[in-house]
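The next block holds one structure in the form of structure tokens; read it before the comments.
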Amino acid sequence: MKHRLLGLLAIALIAPNADAQLKALKFRAVVDAPGHVIPNGVILVDGDKISAVVATNYRLPDNAQIIDLTRYTAIPGMIDVHTHMSYYWDSTSGTDPWRQPQRTPAQTVELARANLRRTLETGVTTVRDLGASNYMDIALRDSVNKAGWIGPRMFVAGYGLSRARPPYRPNTDTTQTQRGRVFAIAQIPDAVKQQVDAGADYIKMYGSTGTGADVTGNETFTFDEMKAAVDAAKSFGKRIAIHSYGPDGGRDAVRAGATSLEHAIDLDDSTLARMAHDGIFYVPTIDHNRYYAQYREAYHYTAQQAAGLDSFRLLNIETARRAYKAGVRLGMGSDAVHIMFGQNTRELGWFAQIGMSPSEVLATATTNGAAILGMEKSLGRIAPGYYADIVAVEGDPLADVRAVIDRVRWVMKGGAVVVDKTR
Ligand SMILES: [Zn+2]
């Protein structure tokens, strides 16, 4: 008896909304992949996967639950390839987000559920989370996957690898890497292995300075060190994102064979050509500096710091424009922290500004995101066998990208309705 009750409880926890019943989602149009439209399309969803995409005159199975979304256009669930879901801040607390009172990791994980929800509301159903302390990202991912928490599917990195810098605190053991901090090149494979052993899906390396209002971009790991990290990641079958605000770290990250380069400005032409040739993705995260400047009072940044953020953002836009022209594939990464969740897709507005067509903009958040994760066969499109990650937007996303950024009305993730603003 006790066992049976526990079994029922487990089922209820694992599947909050998804039921086994076949669902037929009827749309005004289905953008099944960037640039391709099925007018009056119907998406059949079986469990957590899409079983078919058909025209409206198709005879629907009798047992299907019909969901009428004919006022909307369907796009694939979007992928934000640069988040920090565990960075939580209560904006009513009167504290500075970077200087909050101590909390336990368990408390923070619980509070960060709000970040998960706000992200889903933007139509983002998958994230690559690039750096967390105390493996809170792994706790969040597993709570979504195994305990039925409402949130995007998460691919996480654990601790990002960073260069330890003297002066060290007394009694610091510099003979071993810990919490992603590396004292010597020989420790890099260990630092990577620690993240993999903890359950990381992806590896992150901080290849330069630069965070928050600091936009300095001085290289912190050499080419050889970046190469050691790339090789170690590959030896575990993992991909690696390298952070660099500046061009030197960017060039070396590309030469070392990173999967994606995050943030970097002023990349030289040969680096861009190499990225295009080698298929290395550029994730410029332009919008996060707009965010820091806009919320500078919350962060207690000075007017001068805000001006620095603005200048960096302009260089970032220019570098993204040159990368796009050089044929580099871009990914949509918000670098969302704290109260930026809910604004995850504003990056797409900058991509429209550099001259991308709406379907190219949509690709950065769908097919390119899936390629960055190595999930091209199951994410980023609306097609049979893919996860039923589907977003209903008002308007035509291939005519006006604002439909995607501002007018998300309904979201399904893995066959479960997680956002519904249709009424
Ligand atoms: Zn970041």
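On the given criteria, is MET205 part of a helix (DSSP H, G or I) and either aromatic (Phe, Trp, Tyr) or touching a strand residue (DSSP E or B) at 6+ places or on another chain (Cβ under 7 Å) (or both)?
No: the conditions fail for MET205.
Can you tell me which residue within the stretch 91-100, out of those that are at pLDDT 90 or above and of a type outside the set (Lys, Arg), is surrounded by the most Cβ atoms within 10 Å (Cβ to Cβ)?
Filtering first and then ranking leaves PRO97.
Testing ILE38 on (1) free of Cβ contacts under 8 Å to residues at least 40 places away in the same chain; (2) not in a strand (DSSP E or B), one condition comes back false. Which one is that?
All conditions are met except number (2).
For residues in the stretch 130-149 being within 16 Å of the ligand (Cβ to nearest atom) and farther than 14 Å from ARG113 by Cβ, which is farthest from the chain's Cα centre (by Cα)?
Checked the stretch 130-149; the qualifying residue farthest from the chain's Cα centre (by Cα) is SER133.
Which is in contact with a strand residue (DSSP E or B) (Cβ under 6 Å, 6 or more places away or on another chain), open to solvent by less than 10 Å² (accessible area, probe 1.4 Å) and more than 16 Å from the ligand (Cβ to nearest atom), of THR83, THR125?
Result of the check over THR83, THR125: THR125.
Which one is farthest from SER334 (Cα to Cα) among residues in the stretch 199-213 that are open to solvent by 10 Å² or more (accessible area, probe 1.4 Å) and β-branched (Val, Ile, Thr)?
THR209
How many of the residues in the stretch 367-423 are in a loop (DSSP other than H, G, I, E, B) and open to solvent by 40 Å² or more (accessible area, probe 1.4 Å)?
Residues that pass the stated criteria total 14.
Looking at (1) at pLDDT below 85; (2) more than 25 Å from ASN344 (Cβ to Cβ), which is the only condition ALA18 fails?
The single condition ALA18 does not satisfy is (2).
Mind listing whichever residues of the stretch 52-87 are touching a Pro at 6+ places or on another chain (Cβ under 9 Å) and not in a strand (DSSP E or B)?
Listed by number, the residues that qualify are ALA55, THR56, GLY77, MET85, SER86, TYR87.
Tell me, yes or no, whether the stretch 283-301 has at least one residue that is aliphatic (A, V, I, L, M) and touching a strand residue (DSSP E or B) at 6+ places or on another chain (Cβ under 6 Å).
Yes, that holds for at least one residue.
Within the stretch 214-249, which residues are open to solvent by 20 Å² or more (accessible area, probe 1.4 Å) and closer than 20 Å to GLU318 by Cα?
Passing the criteria: ASP214, VAL215, THR216, ASN218, PRO247, ASP248.
What tally of residues in the stretch 257-270 results from selecting those that are touching a helix residue (DSSP H, G or I) at 6+ places or on another chain (Cβ under 7 Å) and either surrounded by fewer than 23 Cβ atoms within 10 Å (Cβ to Cβ) or in contact (Cβ under 8 Å) with a residue 60 or more places away in the chain (or both)?
5
Does PHE351 count as within 16 Å of the ligand (Cβ to nearest atom), at pLDDT 95 or above and surrounded by 24 or more Cβ atoms within 10 Å (Cβ to Cβ)?
The answer is no for PHE351.
It is to be established whether one or more residues within the stretch 128-145 are touching a Lys or Arg at 6+ places or on another chain (Cβ under 6 Å) and among the aliphatic types (A, V, I, L, M).
Scanning the stretch 128-145, I find at least one residue that is touching a Lys or Arg at 6+ places or on another chain (Cβ under 6 Å) and among the aliphatic types (A, V, I, L, M), so the answer is yes.
Counting only residues that are part of a helix (DSSP H, G or I), of a type outside the set (D, E, K, R) and within 16 Å of the ligand (Cβ to nearest atom), which one in the stretch 273-311 is farthest from HIS84 (Cα to Cα)?
Only one residue fits best here, namely LEU309.
In the set GLY355, GLY369, GLY331, which member is at positive phi and in contact (Cβ under 8 Å) with a residue 24 or more places away in the chain?
GLY355
The values are calculated or read from the model by the stated rules, or taken from the named source; none is laboratory data. Bear in mind that the values here come from a model prediction, so they are computed numbers and not experimental data. Quick reminder, even Gly has a Cβ in these numbers, built from the backbone with ideal geometry, and neighbours come from all protein chains shown. For the accessible areas, the whole protein counts, side chains as well, though only heavy atoms, and no ligand, DNA or RNA atoms are used. Shrake-Rupley method; radii C 1.70, N 1.55, O 1.52, S 1.80 Å.
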